[in-house]
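This report concerns only the one structure given below.
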Amino acid sequence: MTGESRTWERALVTGASAGIGASMCRALAAEGTDLVIVARDRVRLSELADELAAAHAVKVTVLAADLGDGLGLEEVAARIGEAGEPVDLVVNNAGFAVAGDYADLTADDVQSQIDVNVAALARLTLAAVRAMVPRGSGSILNVSSVAGLAPGPGTAVYSATKAFVSSLGQSLAAELHGTGVTITTLHPGFTRTEFQERSGYAASHVPAMLWQSADDVAAAALQATKDGRSSVVSGLPNRVAAALLGFVPRGVQTRAIRTVSRLIG
Ligand SMILES: NC(=O)c1ccc[n+]([C@@H]2O[C@H](COP(=O)([O-])OP(=O)(O)OC[C@H]3O[C@@H](n4cnc5c(N)ncnc54)[C@H](OP(=O)(O)O)[C@@H]3O)[C@@H](O)[C@H]2O)c1
């Protein structure tokens with residue numbers, strides 16, 4: 001189906017209670033896509049479900065789960081694998097950062113980022129691939145970050161988790177070629193959501209021109225997924241930065257990012 005624009009009957013979106021995930025749900029519901037929405041906060045999910053069902057006459061199912069918890073994760077994986085009401089778009093969007101130098105992080109800060117950003121995303125991607133490949137169709141949209149394209153002193157674990165997401169996506173795009181299933185990896189930059197406050201990364205000095213809205217990021221991501229593209233960097237400044245990284249030696253990148261993160265953090 002590559003080359004045609006895709007639409008979906010039913011999407012499962014993780015991290016749907018806020019930010020980019022909530023924006024994706026609003027955009028998908030407006031196109032008539034039924035939704036399974038996943039996050040920990042059941043109340044916020046229920047409010048979103050009511051809003052979307054009323055506005056767009058779509059079916060929205062709330063699946064409250066902690067993706068950092070094995071039982072919650074397996075519940076979501078099982079829903080992706082269910083054949084009765086098949087999910088034809090899986091969006092692995094849930095994620096978070098804990099800002100700070102590595103020496104200042106707790107063991108839980110390190111493990112929880114790996115659990116949610118890496119292990120859960122990999123597990124749910126596996127569930128999606130196993131369900132979709134035999135059907136010969138489906139789309140996977142995984143949310144990485146421009147932070148995954150370079151080392152990230154000050155957010156070292158977060159950047160490493162997002163590098164995993166980008167690498168996994170690139171490999172799977174090649175493996176899935178010709179199966180009818182596509183995987184798209186989104187690389188957003190600074191996006192106005194709850195992410196910065198939750199991460200403890202103030203980002204108060206980031207110039208206004210570098211910020212995007214969650215709606216704009218969601219729109220770019222969904223368009224790239226419809227087009228079957230393997231990777232998308234949202235926003236012109238982020239695309240310029242990503243292109244420049246290809247020419248700048250890794251050591252120079254690391255020192256520059258260290259300096260910038262101290263200035264804007
Ligand atoms: N905002 C940015 O500047 C930016 C830049 C690059 C990449 N990103 C990436 O974009 C994605 C979305 O982030 P956002 O900016 O929209 O942040 P956000 O507003 O903080 O939303 C994060 C979402 O993830 C969910 N979540 C977090 N931990 C979870 C867990 N253990 N189990 C289930 N759900 C969990 C949260 O819901 P609950 O709290 O209800 O569980 C929330 O719905 C993340 O992967 C992030 O790394 C963001």
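None of the figures in this text is laboratory data; all of them are computed from the coordinates on show. Since we're looking at a predicted model, the values are computed, not measured. When we count neighbours, we look across all protein chains shown, and the Cβ atoms used for this are built from the backbone with ideal geometry, even at glycine.
Please determine, in degrees from 0 to 90 and to the nearest 10, the orientation of helix 214-226 with respect to the longest principal axis defined by the Cα atoms of the chain, where the helix direction is its Cα long axis.
Between the helix axis and the principal axis of the chain, the angle is about 60 degrees.
Enter the angle in degrees (range 0 to 90, nearest 10) between the Cα long axis of helix 70-81 and the first principal axis of the Cα atoms of the chain, meaning the one along which they spread out most.
The angle comes out at about 50 degrees.
Using alpha carbon centroids, what distance separates segment 111-164 and segment 1-56, in Å?
19 Å
Give me the mean projected area, in nm² to one decimal, of the convex hull enclosing the Cα positions of the chain.
13.6 nm²
Residues with amide H under 5 Å of residue 138's amide H, sequence separation 5 or more or different chain, H placed in the peptide plane at 1.01 Å from N; which?
Those qualifying (amide H under 5 Å, at least 5 residues apart or on another chain) are 182.
From the phi angles alone, apply the Karplus equation (6.51, -1.76, 1.60; θ = phi - 60°) to segment 91-104 and give each ³J(HN,Hα) in whole Hz, x where the residue is Gly or Pro.
Going residue by residue, I get 10, 8, 10, 4, x, 7, 10, 10, 6, x, 5, 4, 5, 8 Hz, with x marking Gly and Pro.
Let me check against my output: what whole-number percent is the relative contact order of the chain, with C-alpha pairs under 8 Å and at least 6 apart?
Relative contact order, the chain: 20 percent.
If each DSSP helix of 4+ residues adds -39,500 (n - 2.57) and the sum is divided by the residues in the chain, what number results at 222 nm, nearest 500 deg cm²/dmol?
-15000 deg cm²/dmol, from helical runs alone.
Taking H placed 1.01 Å from N in the peptide plane, check which residues at least 5 places from residue 36 or on another chain put their amide H under 5 Å from its amide H.
11, 12, 13, 61
Highest mean first, how do 179-186, 147-154, 159-166 rank when packing is the count of other Cβ atoms within 10 Å averaged over residues?
179-186, 159-166, 147-154
Give me 109, 104, 34 sorted ascending by neighbouring Cβ count inside 10 Å, so fewest comes first.
104, 109, 34
Using θ = phi - 60° and the Karplus curve 6.51 cos²θ - 1.76 cosθ + 1.60, what whole-Hz ³J(HN,Hα) does each residue of segment 166-172 get, with Gly and Pro shown as x?
5, 5, 4, x, 5, 5, 5
Quick one: order 257, 114 by neighbouring beta-carbon count within 10 Å, fewest to most.
The fewest-first ordering by Cβ neighbours comes to 114, 257.
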